[in-house]
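The values are calculated or read from the model by the stated rules, or taken from the named source; none is laboratory data. Here the structure is a predicted model, which means the values were calculated and not measured. Note that we place each Cβ from the backbone using ideal geometry, even for glycine, and neighbour counts take in every protein chain shown.
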Amino acid sequence: MSEPPANAAHPLDSLLEAIGNTPLLPLSRRIGIWPPGVEIYLKAEWFNPGGSVKDRSVRQIVVDAERDGRLTSKRTILDSSSGNAGIAYAMIGAARGYRVHLVVPANISAERRDILQAYGAEVEYSDALEGSDGAILVARRRALDAPEHYFYADQYNNASNTRAHYETTGPEIFAQTGGRLTHFVAGLGTSGTIVGAGRRLRELRPTVQILAVEPDGAVHGLEGLKHMATAIVPGIYDPSVHDRTIPMRTDVAYETTRRLAREAGLLVGPSSGAAVAAALEVATDLRAGVIVVLCPDGGDRYLSTAVWRAR
C-alpha cells in the first residue's frame, strides 16, 4: 500500500497547510515520441486547494506580511492578477478573514469570474486589450491613492513570491526525483516559480538545466504568461537563473493542452500545455535525462475559452 501524501498524513490545522506537496506525474508516451532514456514528469500544481501554483506564493506573501505587520485586519489585500493569483488571494483572504480587492483583465474566463465571486472578493476589471500589464497599472494607482487602506501585495515585485518556490517547490521536485533531475521547465509569468525553484534546484544539483517558456510574441492567448521583451518586467525576474528561453506558439500550446486531456486524462490549463510542448521539444534532443515540467493549473477554469472552442 502506498504512503499518503505528507500533507494528508494527519488532520490539518488550517487550509494553508494543504498547500504544496503536489504529486509528480509521469507523462504518457501517447502524447509524443522521445528517446527511451528520457523521463518526463509533470509537477501537478492543480492539486493545490485553490487549484493552482499561485496558492504557494500567495500563502507566503500573506504570512510574511502578517508577521511583519504590513497586513492587519484593518487593511484590504490588493493586487492585480491574470486569474490564478486572484483566486488564491480570494481563497486565503476568506480563510484568514481579510477583505480582498483584485484588479483583473476584463477578458478572464467566465469560470474564473465565478470562482472569485464565490469567494466574496471585490473584483475590478481592467482593459482586456492591455492584459495583465493594464491590471498592474490600475492596482498601482489604487494603492497610491489610498496606502492606509490597502496592503498592496504586488506579486510581481514581492520577494515572498520567489521565496515560496525556493523553500517549497524546488525541494519537493528534488526529493520526488531522488535528486536525478536534469531539466526543469516552467513558464514565465510573474517569474516567481522559475526564479525561486530554479535557484534552489541549482544549489541542490548544479548541472540542472533551467528552461523558461514564454509566448512567441506580444499578442498571444496564453493566460498567465508574459512575453518579457514587450511586457512590464517583474522586479523579481532574474534572467540569469534560466539557461535559455523557449518561445511557444499559442496554437501549439492549445493543441498540446487538448491532447493532454484526451490522450492522457490530464485536464490542464494552456500554460501547462505550453510547458509540456516545450519539454517535448527539449526531450527529442536528449539521449537520457529526467525532465520536470511545472504545470500551473487545471483546465476546468478554461472550458469556456478558445482553448476548447478552437478545435
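Which of the residues spanning segment 79-121 are at positive phi and at pLDDT 95 or above? Can you show your working first?
Start the filter on segment 79-121 by keeping residues that are at positive phi, which leaves 83, 97, 120.
Residues satisfying the conditions are Gly97, Gly120.
Would a scan of segment 118-132 turn up a residue that is more than 18 Å from Arg70 (Cβ to Cβ), surrounded by fewer than 18 Cβ atoms within 10 Å (Cβ to Cβ) and touching a Pro at 6+ places or on another chain (Cβ under 6 Å)?
Yes; the residues of segment 118-132 include at least one that is more than 18 Å from Arg70 (Cβ to Cβ), surrounded by fewer than 18 Cβ atoms within 10 Å (Cβ to Cβ) and touching a Pro at 6+ places or on another chain (Cβ under 6 Å).
Within segment 229-277, how many residues are in a helix (DSSP H, G or I), buried (at least 23 other Cβ atoms within 10 Å of the Cβ) and in contact with a Pro (Cβ under 9 Å, 6 or more places away or on another chain)?
At the first step, the residues of segment 229-277 found to be in a helix (DSSP H, G or I) are 229-230, 250-264, 270-277.
Narrowing the set further to residues that are buried (at least 23 other Cβ atoms within 10 Å of the Cβ) leaves 253-254, 256-257, 260, 270-277.
When the remaining residues are screened for being in contact with a Pro (Cβ under 9 Å, 6 or more places away or on another chain), the result is 253-254, 256-257, 271-272, 274-275.
Of the residues in that region, 8 qualify.
Looking at Ala253, Ala275, Ala218, Ala212, which is the one that is small (Gly, Ala, Ser), under 24 Å from Ser81 (Cα atoms) and free of Cβ contacts under 8 Å to residues at least 24 places away in the same chain? Walk me through it before giving the result.
On the way: Ala253 fails: free of Cβ contacts under 8 Å to residues at least 24 places away in the same chain; Ala275 fails: free of Cβ contacts under 8 Å to residues at least 24 places away in the same chain; Ala212 fails: free of Cβ contacts under 8 Å to residues at least 24 places away in the same chain.
Residue meeting the stated conditions: Ala218.
Is there a residue in segment 31-39 that is under 22 Å from Gly289 (Cα atoms), out of contact with any Lys or Arg (no Cβ under 8 Å at 6 or more places or on another chain), surrounded by fewer than 16 Cβ atoms within 10 Å (Cβ to Cβ) and modelled with pLDDT of 95 or more?
yes
Filter segment 171-196 down to residues that are closer than 30 Å to Gly217 by Cβ and out of contact with any strand residue (DSSP E or B) (no Cβ under 7 Å at 6 or more places or on another chain), then give me how many there are. Can you show your working first?
Of the residues in segment 171-196, the ones closer than 30 Å to Gly217 by Cβ are 173, 182-196.
Next, only the ones that are out of contact with any strand residue (DSSP E or B) (no Cβ under 7 Å at 6 or more places or on another chain) stay: 189-192, 195-196.
So the answer is 6.
Test each condition in (1) in contact with a Leu (Cβ under 9 Å, 6 or more places away or on another chain); (2) in contact (Cβ under 8 Å) with a residue 24 or more places away in the chain; (3) under 27 Å from Ile291 (Cα atoms); (4) not polar (S, T, N, Q) for Pro26 and report the one that comes out false.
All conditions pass for Pro26, except number (2).
Which residue is nearest to Gln60 (Cα to Cα), if the candidates are limited to segment 164-198 and must be surrounded by fewer than 19 Cβ atoms within 10 Å (Cβ to Cβ) and among the charged types (D, E, K, R)?
In this case the residue turns out to be Glu167.
Can you tell me which residue within segment 162-200, out of those that are within 14 Å of the chain's Cα centre (by Cα), of a type in the set (A, V, I, L, M, F, W, C) and part of a helix (DSSP H, G or I), is nearest to Ala275 (Cα to Cα)?
Here the residue is Ile194.
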